[in-house]
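Student: I have a structure I would like to understand better, so I am pasting it below and will then ask my questions one at a time.
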Amino acid sequence: MNKGKLYIVATPIGNLEDITLRALRVLSEVDTVFCEDTRVTGKLLHHHGIKANMVSMNARTEEQKIELALELLQGGKDIVYVSDAGTPGISDPGVRLVSSAKENDLGVVAVPGASALTAALSIAGVPTNKFTFLGFLPQKKGRQTALKEVASLKQTVVFYESTHRILKLLKELEGFVGEDKKVTLARELTKVYEEVLQGTAKELLKQLESNPQKQKGEFVVIVSS
Ligand code: SAM
């Protein structure tokens with residue numbers, strides 16, 4: 001019997017229209033859609049008129065749900081994995097599922113699409129021929145070391161930051177990179193309040209402190225020359 005395929009499908013990072021035709025077809029054809037949160041994916045599928053059998057698989061449960069996923073694949077069923085937003089595995093669950101499928105000689109197929117990482121880089125207007133992506137910086141242990149790395153790297157550095165820590169981060173960047181580097185904040189990409197702010201850490205800190213609205217939402221941070 002032919003084995004099934006695991007499709008790793010990218011989903012929108014805000015605007016529900018940012019999904020490929022192929023992704024919609026695959027989502028509607030597979031046996032089971034494993035997703036980080038069935039409510040989030042349910043909303044996306046409903047928006048596109050797709051009915052699917054969903055199974056929740058998040059960072060906490062990934063290990064325990066892998067067995068079911070592998071069983072389905074071994075039994076010839078095609079399945080999908082989607083995270084809440086963007087490309088699975090990029091600071092998101094999905095990595096362990098993919099490596100388990102590969103260890104078991106099962107086919108893994110990418111259905112590419114949105115990622116906050118590439119979306120931010122594509123509109124920042126900074127050097128992108130070479131860049132380092134750091135995911136989320138550590139919150140406590142290792143944070144100072146990571147910030148030193150950000151300051152010392154010659155190429156563009158990109159990382160994700162949550163809304164709660166954006167002011168703290170800008171204060172830290174002011175200390176670590178000073179006036180030497182340009183900081184880009186790509187906020188709420190593809191959403192209503194999307195904006196890209198650029199300047200030194202000190203300038204951006206001033207802007208955000210004087211306008212709390214700008215501190216809200218999801219951020220990609222880019223530090224460049
Ligand atoms: N896998 C996702 C991707 O491919 O972009 C990233 C998931 S990670 C858990 C979530 C982080 O991505 C957020 O905290 C934020 O830093 C960034 N992010 C996601 N959506 C975003 C958006 N619309 N605008 C800016 N940043 C976003």
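Every read-out reported here was derived from the displayed coordinates using simple, explicitly stated rules and does not represent laboratory data. The shown structure was predicted, so the numbers you read here are calculated from the model rather than taken from an experiment. Cβ placement follows ideal geometry from the backbone for every residue including glycine, while neighbour counts extend to all protein chains displayed.
Student: Please work out the Kirkwood hydrodynamic radius for the stretch 99-163, using every pair of different C-alpha atoms, and report it in angstroms with one decimal place.
Tutor: Across the stretch 99-163, the inverse of the average 1/r is 14.5 Å.
Student: Separate question: For Thr190 paired with Asn15, estimate the spin-label separation in nm (one decimal), with each label point 7 Å from Cα along the Cα-to-Cβ line.
Tutor: 0.9 nm
Student: Tell me what the chain gives for mean residue ellipticity at 222 nm when only DSSP H runs of n ≥ 4 count, each as -39,500 (n - 2.57), the sum divided by the residue total, rounded to 500 deg cm²/dmol.
Tutor: For the chain, the value works out to -11000 deg cm²/dmol.
Student: What percent of all Cα-Cα pairs in the chain falls in each 10 Å bin, counting up from 0?
Tutor: The percentages, shortest bin first, are 8, 30, 29, 21, 10, 1, 0.
Student: Same structure, new question: Thinking of the stretch 26-84 as a set of Cα atoms, what percent of all their pairs are more than 20 Å apart?
Tutor: When all Cα pairs of the stretch 26-84 are counted, 20 percent exceed 20 Å.
Student: Output ³J(HN,Hα) for the stretch 134-151: one whole-Hz value per residue in order, computed from phi by the Karplus curve 6.51 cos²θ - 1.76 cosθ + 1.60 with θ = phi - 60°, and x for Gly and Pro.
Tutor: With the stated coefficients, the stretch 134-151 comes to 9, x, 8, 5, x, 7, 10, 4, x, 5, 4, 5, 5, 5, 5, 5, 4, 5 Hz.
Student: Then there is this: Report, as a whole number in µm² per second, the diffusion coefficient that Stokes-Einstein gives for the stretch 116-224 at 37 °C and 0.692 mPa s using the Kirkwood radius over alpha carbon pairs.
Tutor: Once the numbers are plugged in, D ends up at 239 µm²/s.
Student: If one puts a single equal scatterer on every Cα of the stretch 5-111 and applies the Debye formula without solvent, what log₁₀ I(q)/I(0) results at q = 0.10, 0.13, 0.16, 0.21 Å⁻¹?
Tutor: Listed by q, the Debye log ratios stand at -0.23, -0.39, -0.60, -1.08.
Student: Could you give the C-alpha radius of gyration of the stretch 57-116 expressed as a fraction of 2.2 N^0.38 Å, taking N as the number of residues it contains?
Tutor: 1.09
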